[in-house]
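Structure, as structure tokens:
The values are calculated or read from the model by the stated rules, or taken from the named source; none is laboratory data. Quick caveat: nothing in here was measured; it's all calculated off a predicted structure. Because the Cβ atoms are built from the backbone with ideal geometry, glycine has one as well, and the counts that use them run over all protein chains shown. Ligands, DNA and RNA are stripped out before the accessible areas are found, and what is left, the full protein with its side chains, is counted by its heavy atoms. Shrake-Rupley method; radii C 1.70, N 1.55, O 1.52, S 1.80 Å.
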Amino acid sequence: QVQLVESGGGLVQTGGSLRLSCAASGRTFSNYDVGWFRQAPGKEREFVAAVARSSNTYYADSVKGRFTISRDSAKNTVYLLMNSLKPEDAARYLCAAVYYSTNYYSPGNYEYWGQGTQVTVSS
């Protein structure tokens, strides 16, 4: 069992930055593939970024060049650094993990989920 807790969300102006954290407990997080997803009201859950056990990273086209996913194995934590934020980035951001991923982009592929952290971007 893996427990995930996200933090770091908040209110930021357009063009600003935030760093989200996903802290894991219960298992060695570095053995898991981890993804960040986001969901805005009335919209489907959307893939944002993922980091594999191999440390390969994957990004949605909408965030490439602006967001960076990284892992700190010593802290059992995965981060999402978000730069140049836009109003369309506003959503609840959720962290997810799976022991072995067959599709980093699909939320249905992940086994464990956190409760999420809210990101609001003012224009």
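With θ taken as phi - 60° and the Karplus curve 6.51 cos²θ - 1.76 cosθ + 1.60 applied, the whole-hertz 3J(HN,Hα) list for region 79-96 is 10, 10, 8, 10, 10, 6, 5, 10, x, 6, 7, 5, 4, 8, 9, 10, 9, 9 Hz, x standing for glycine and proline. Near ASN109: Cβ cut-off under 13 Å, other residues only, Lys/Arg at +1 and Asp/Glu at -1. The net charge is -1. On the beta carbon distance between ALA52 and THR120, with R0 = 30 Å, the FRET formula returns roughly 0.50.
Loop-only check: which GluC sites (Glu not before Pro) in region 37-93 are DSSP coil with at most 16 other Cβ within 10 angstrom? Working shown, then result.
Numbers: sites: GLU44, GLU46, GLU88; in loops: GLU44.
When the GluC sites (Glu not before Pro) of region 37-93 are filtered for loop state and at most 16 Cβ neighbours within 10 Å, GLU44 remain.
Distant-in-sequence amide contacts of ALA90, defined by a placed amide H-H separation under 5 Å and a gap of 5 or more residues or a different chain, comprise VAL121.
Less than 15 Å Cβ to Cβ from GLY15, Lys/Arg counted +1 and Asp/Glu -1: what total charge do the surrounding residues give?
So the surrounding residues net to 0.
Ordering of 15-23, 99-107 by packing is 15-23, 99-107, highest average first (other Cβ atoms within 10 Å, averaged per residue). Here the Karplus curve 6.51 cos²θ - 1.76 cosθ + 1.60, taken at θ = phi - 60°, turns the phi angles of region 108-117 into couplings of x, 7, 9, 9, 10, 9, x, 7, x, 9 Hz, with x standing for Gly and Pro.
Put a plus charge on the Cβ of each Lys and Arg, a minus charge on the Cβ of each Asp and Glu, and nothing anywhere else: the dipole of region 1-117 about its Cα centre is then about 180 debye.
Here the Karplus curve 6.51 cos²θ - 1.76 cosθ + 1.60, taken at θ = phi - 60°, turns the phi angles of region 35-50 into couplings of x, 10, 10, 9, 9, 9, x, x, 10, 6, 5, 10, 5, 10, 6, 8 Hz, with x standing for Gly and Pro.
In a fully extended conformation the segment linking GLN13 and SER70 would gain 18.2 nm over its present Cα-Cα distance, using 0.36 nm per residue. Residue order by solvent-accessible surface for LYS86, LYS64 is LYS64, LYS86, largest first, with ligands and nucleic acids left out and a 1.4 Å probe. Distance from the Cα centroid of region 1-62 to that of region 67-104 is 2 Å (rounded to whole angstrom).
By the rule of a C-alpha distance below 20 Å, with chain neighbours fewer than 8 residues away ignored, the aspartates and glutamates paired with LYS86 are GLU44, GLU46, ASP61. For the pair ALA40 and ASP61, what calculated FRET efficiency results from E = 1/(1 + (r/R0)^6), where r is the Cβ-Cβ distance and R0 = 22 Å, to the nearest 0.05? Computed FRET efficiency for ASP61 and ALA40: 0.80.
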